[in-house]
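The values are calculated or read from the model by the stated rules, or taken from the named source; none is laboratory data. As the structure is a prediction and not an experimental result, all values here were calculated from the model. Neighbour counts run over all protein chains shown; Cβ positions are idealised from the backbone, glycine included.
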2 protein chains.
Amino acid sequence: MSAAASPIFTDLYQWTMALSYLENKKAHDSAVFEMFFRECPFEGEYAIMAGHDRIRQVLESFSLTEKEWSYLESLPELQPSKLQALKPHMHLNDVRVFGIAEGEPVFSRTPILQVEGPLFKVQLLESALLNAVNFAILCTTYARRIRQVAPNHKLVEFGLRRAQGPDGAMTATRSAFLGGFDGTSNVLGGMNWGIPVFGTMAHSFVQSFTSFTDDLLDWNGRSIQDLINKHRPSQPTHQGELAAFLAYAKSFPKSSLLLVDTYDAMASGVPNAICTFKILRELGHTPLGIRLDSGDLVYQSKEARRLLDEAGFQSASIFASNDLSERIIASLQAQGSAIGGFGVGTHLVTCKDQPALGAVYKMVEIKNEPRIKISEQTAKISIPGAKNVYRLVGKDGRYLLDLMQLASEPPPQPGKAIWAHHPFDPFRKAEVTPSAVIELLTPLFENGAWRSKIDLQASKASSAKSLKLLREDILRRENPTPYKVSLSENLKETLEHCLKQEAPRRHLA
Amino acid sequence: MSAAASPIFTDLYQWTMALSYLENKKAHDSAVFEMFFRECPFEGEYAIMAGHDRIRQVLESFSLTEKEWSYLESLPELQPSKLQALKPHMHLNDVRVFGIAEGEPVFSRTPILQVEGPLFKVQLLESALLNAVNFAILCTTYARRIRQVAPNHKLVEFGLRRAQGPDGAMTATRSAFLGGFDGTSNVLGGMNWGIPVFGTMAHSFVQSFTSFTDDLLDWNGRSIQDLINKHRPSQPTHQGELAAFLAYAKSFPKSSLLLVDTYDAMASGVPNAICTFKILRELGHTPLGIRLDSGDLVYQSKEARRLLDEAGFQSASIFASNDLSERIIASLQAQGSAIGGFGVGTHLVTCKDQPALGAVYKMVEIKNEPRIKISEQTAKISIPGAKNVYRLVGKDGRYLLDLMQLASEPPPQPGKAIWAHHPFDPFRKAEVTPSAVIELLTPLFENGAWRSKIDLQASKASSAKSLKLLREDILRRENPTPYKVSLSENLKETLEHCLKQEAPRRHLA
């Protein structure tokens, strides 16, 4: 994990604000901030909560080294004497963090984290918490969207080389798995989290062989020259490629997935792979399959499938890579490609379709008074007040809607009707009788310590289960239905009161 | 810096290939790989070399802990006995890395890194080197493109919260500065590299004030009540906002850049800021300016400029943020906005316009024999052979073209005509007489040690100078002219020879 989680890894304004809060005797006022996003990514209507490992890292690293203090003191904007006054308070014993469980579906405006504590601390945490969460949610959501279009395929994350440094790659590996991928090519990801790792060969391996050598023909004392003669492709194929396939098969007879497009997939790669597979079969091994990494994946996969089947390798799979995205995979599926697994790299680790989730972190309460951020754009208005958030379950067991309440309100009761209001549209409200009520924000951090179990495998499983509790029209790729995120009667009134109180009078003339 | 630079931070196939190279007695064959990209990003015709700090980190971390070896040994794909045989060779004493200097403009197909050494080591380095370079180049290039459209504005990188973890944020901070930005909000970036840090307040600071207190009015024993009465805005503005501005001005009288859009920029924020500035002026301070973070930045900046000027604050600047991109900044410039500085976050740290550079790392030579990667797409064919790369300078002192030669060829001489060939178009070649010749690939790493000076400030300066040596039509945003990247006569022949030798015969019937 990166060393950059100390509170010096933040935007400067967090520190200037902290000092001015201190000077203005507000630094220790009790404050509540919440994190949410205004729009679900990828033109969808859901996202998947993620990033708890990094949230934990941020909260457990809330202290500065002497070198870091010295640097802060050296900045002309900051004042050493005031920084000195903050020093004894640089701990999080009086900060509480609540959050939604990793893997749970989340929606626009649902508070996903709520942070309570002295104003200056809660403020100082902002940038690093957003950094911890934004990409993790985005990438997990994208992985889940790919899993939704390829429910039964092998999905492997391949993006290490295109991520923003090791942190980006590691978060992508973890997020892809949480979102439903089967594994990764990233060995460190495998080591850290027990994620299955996959990978066999690159083009360079194939290129590095030019001809057969005596070494190559000798498989533990048995020459395979006779088998090569027997199974050699009928057409003239690239001999270096065949040598490379045989060399790899000799090293890994149980896990030979051969990359067939170094020279020409259909004219050379597939025939050479089939020759190699026939030799493996004679020696008692079951070949794994081939990988296509360029060209028309529909045509090539169907043709390769036919050739593999004709040669009796029905169980050999066809794995595809090459700039695959959710959209391209959906299109390959629609065209009935013969692909059994996908390696997804660039599009997953950069979330190219929408490379940023706009999660924000807004003050909602100070000294027990609700606070609001007004905006000319209604969608950018924040919902004031420290909240409890409930997910109400309908009589079919599916999620009905999320309901935010003021922290002072009693929780909704199963079987009892309540009103749920749209946050900004006064004409939209519904009476709801939940069959069950789930409290969404649970304690992550209290009394200076992390309180929640981080278990990637368990979160992955519960995430897949939760997804099944969403209506299919919410999960749909095209034109999905928004999930309802609503306010209680009291919270709605608080919002309206704050709006009335805080909005400046505009005068047109 | 991240701990993830050990060779376990890689794709699994690098390890399976290493073991198979070993078994096939090729692990120690001398190999040359080169890194390049096929297309410049952002529909442009240039990119900026970057990432040397991370390349260095990768090369200096080429060893595994016992825990990492154990994990590798536990993988069913890998064989403990073969891993054991690699162990004594896990050093880079026999690997040499050459690269282009940080900050230099680079173009499609120019080799940007060349790595020479035993095949298995050069292979094992691939994924981490690509991870080190891809985002750094991309982000530096985007920063430079913004600097090109706003040559005289203050440019500050604001993206920490939207990056892929700390690594992504740190690379973005460093890249933005290298690409021509003035500074960052990222305090750790400032500490690590001496980059100027900027920042004053967020909306939460403004929200946290509701009214005036005695403390607020007391500026080191002098009450400012009289000054407030004298300079109070003529219209009814938000009193909490005015209190926040005065509180901040009291804490930072020399560096008050006030965020004016928490409630209503024109109806409340700007009048409150001008009131605060008048009080600061009476107390002998020069206010810094205002920040706009929403709404129509052209209209608001012009109107705010007029009001600030009328009040005598001609030197107060207007700083803008809010999802700014190269395109939006170019449009603000074209509309004659009154903005003096830009904070750029999401678009810069995600490179939203194109979130991945497709840099690749290809084998070009093994045992002194050139190797080629064929593809059905001509653009994906690699250029074989270990190379020297020269940048030829014309008689006006500007860069003419890049010329790749086989390592065995003598360098081009100033004043002596040579032929430069287009890599793939046989009809395009030019006779060139350079006035000067720059060798582009210089040693970065040899004999197990880093050899090149990494000096961010110097690279930033030399980068800006080099950019001036490119023709303006190459730098142009719309429909730029490609820079010529060409092959010597000998290299062109080598390419054709390899193509003929390696391309499989296709037969249509």
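Condition first: more than 30 Å from residue A:54 (Cα to Cα), surrounded by fewer than 24 Cβ atoms within 10 Å (Cβ to Cβ) and within 13 Å of another protein chain (Cβ to nearest Cβ). Can you find one or more residues in region B:138-148 that meet it?
no
For residues in region B:226-267 being over 38 Å from the mean Cα position of the chain (by Cα) and of a type in the set (Ser, Thr, Tyr), which is surrounded by the fewest Cβ atoms within 10 Å (Cβ to Cβ)?
Of everything passing the filter in region B:226-267, B:234 is surrounded by the fewest Cβ atoms within 10 Å (Cβ to Cβ).
Looking at region A:363-436, what strands (runs of 3 or more DSSP E) fall wholly within it and have at least 1 residues that are farther than 19 Å from residue A:490 by Cβ?
Here the list reads A:387-393, A:399-406.
Quick check on residue A:331: is it in the same structural domain as residue A:250 (by TED's automatic domain parsing) and in a loop (DSSP other than H, G, I, E, B)?
When the stated conditions are applied, residue A:331 does not pass them.
Test each condition in (1) surrounded by 23 or more Cβ atoms within 10 Å (Cβ to Cβ); (2) under 28 Å from residue A:223 (Cα atoms) for residue A:345 and report the one that comes out false.
The single condition residue A:345 does not satisfy is (2).
I need the full set of residues from region A:3-25 which are at pLDDT below 95, over 32 Å from the mean Cα position of the chain (by Cα) and either buried (at least 22 other Cβ atoms within 10 Å of the Cβ) or small (Gly, Ala, Ser) (or both), in order please.
A:24
From (1) within 30 Å of residue B:57 (Cβ to Cβ); (2) modelled with pLDDT of 95 or more, pick out the condition that doesn't hold for residue B:475.
The number of the failed condition is (1).
Could you count how many residues in region B:423-451 are surrounded by fewer than 17 Cβ atoms within 10 Å (Cβ to Cβ), among the aromatic types (Phe, Trp, Tyr) and touching a strand residue (DSSP E or B) at 6+ places or on another chain (Cβ under 9 Å)?
Residues meeting the conditions: 0.
Which helices (runs of 4 or more DSSP H) does region A:1-120 wholly contain that include 1 or more residues that are closer than 26 Å to residue B:250 by Cα?
A:12-23, A:66-74, A:80-86
Could you figure out which of (1) over 23 Å from residue B:254 (Cβ atoms); (2) in a loop (DSSP other than H, G, I, E, B); (3) under 19 Å from the mean Cα position of the chain (by Cα) isn't true of residue B:195?
With (1) over 23 Å from residue B:254 (Cβ atoms); (2) in a loop (DSSP other than H, G, I, E, B); (3) under 19 Å from the mean Cα position of the chain (by Cα) applied to residue B:195, the lone miss is (1).
Does region A:94-124 hold any residues that are under 24 Å from residue A:482 (Cβ atoms) and touching a Pro at 6+ places or on another chain (Cβ under 9 Å), and which are they?
Residues satisfying the conditions are A:99, A:100, A:107, A:108, A:109.
With the requirement that a residue be of a type in the set (Lys, Arg) and under 12 Å from the mean Cα position of the chain (by Cα), what does region B:148-183 give you?
Matches in region B:148-183: B:174 only.
Might you check whether a residue that is surrounded by fewer than 22 Cβ atoms within 10 Å (Cβ to Cβ) and in a helix (DSSP H, G or I) occurs anywhere in region A:177-192?
yes
Find the residue count for region A:483-506, including only residues that are facing chain B (nearest Cβ under 10 Å) and either surrounded by 14 or more Cβ atoms within 10 Å (Cβ to Cβ) or not in a loop (DSSP other than H, G, I, E, B) (or both).
4
I'd like the full set of residues that are more than 7 Å from chain A (Cβ to nearest Cβ), touching a helix residue (DSSP H, G or I) at 6+ places or on another chain (Cβ under 9 Å) and either without any contact (Cβ under 8 Å) to a residue 40 or more places away in the chain or not in a loop (DSSP other than H, G, I, E, B) (or both), limited to region B:149-171.
Scanning region B:149-171 gives B:149, B:155, B:156, B:157.
Considering region B:237-284 alone, what residues qualify as being of a type in the set (Phe, Trp, Tyr) and within 10 Å of chain A (Cβ to nearest Cβ)?
B:248, B:252, B:263
Return the residues of region B:363-400 that are of a type in the set (Lys, Arg) and buried (at least 22 other Cβ atoms within 10 Å of the Cβ); say none if nothing qualifies.
Residues satisfying the conditions are B:371, B:373, B:387, B:391.
Sort through B:344, B:360 and tell me the only one that's farther than 29 Å from residue B:442 by Cα, in contact with a helix residue (DSSP H, G or I) (Cβ under 9 Å, 6 or more places away or on another chain), of a type in the set (Val, Ile, Thr) and within 14 Å of another protein chain (Cβ to nearest Cβ).
Of B:344, B:360, the one residue that is farther than 29 Å from residue B:442 by Cα, in contact with a helix residue (DSSP H, G or I) (Cβ under 9 Å, 6 or more places away or on another chain), of a type in the set (Val, Ile, Thr) and within 14 Å of another protein chain (Cβ to nearest Cβ) is B:344.
Under the condition of being β-branched (Val, Ile, Thr) and under 20 Å from residue A:46 (Cα atoms), which residue from region A:117-137 is farthest from the other protein chains (Cβ to nearest Cβ)?
In this case the residue turns out to be A:137.
If you check A:179, A:194, which single one turns out to be within 17 Å of residue A:345 (Cβ to Cβ) and of a type outside the set (Lys, Arg)?
Going through A:179, A:194 in turn, the sole match is A:179.
When you look at residue A:11, is it within 9 Å of chain B (Cβ to nearest Cβ), closer than 24 Å to residue B:345 by Cβ and charged (D, E, K, R), yes or no?
Taking the combined requirement at face value, the residue satisfies it.
Quick one: residue B:42 ticks every box in (1) more than 17 Å from the chain's Cα centre (by Cα); (2) surrounded by fewer than 24 Cβ atoms within 10 Å (Cβ to Cβ); (3) farther than 19 Å from residue B:114 by Cβ except a single one, so which number is it?
Condition (1) is where residue B:42 drops out.
Go over the candidates A:5, A:47 one by one and state the one that is in contact with a Pro (Cβ under 7 Å, 6 or more places away or on another chain) and within 7 Å of chain B (Cβ to nearest Cβ).
On inspection, the qualifying residue turns out to be A:5.
Give me a count of the residues in region A:202-231 that are in a loop (DSSP other than H, G, I, E, B) and of a type in the set (Asp, Glu).
0
Could you count how many residues in region B:318-341 are within 14 Å of another protein chain (Cβ to nearest Cβ) and touching a residue at least 24 places away in the same chain (Cβ under 8 Å)?
Of the residues in that region, 5 qualify.
I'd like to check something: does region B:84-104 contain any residue that is surrounded by fewer than 19 Cβ atoms within 10 Å (Cβ to Cβ), within 29 Å of the chain's Cα centre (by Cα) and more than 14 Å from every other protein chain (Cβ to nearest Cβ)?
yes
When region B:205-236 is examined, which residues are found to be at the interface with chain A (Cβ under 7 Å from one of its Cβ atoms) and modelled with pLDDT of 95 or more?
Within region B:205-236, just B:205 meets the criteria.
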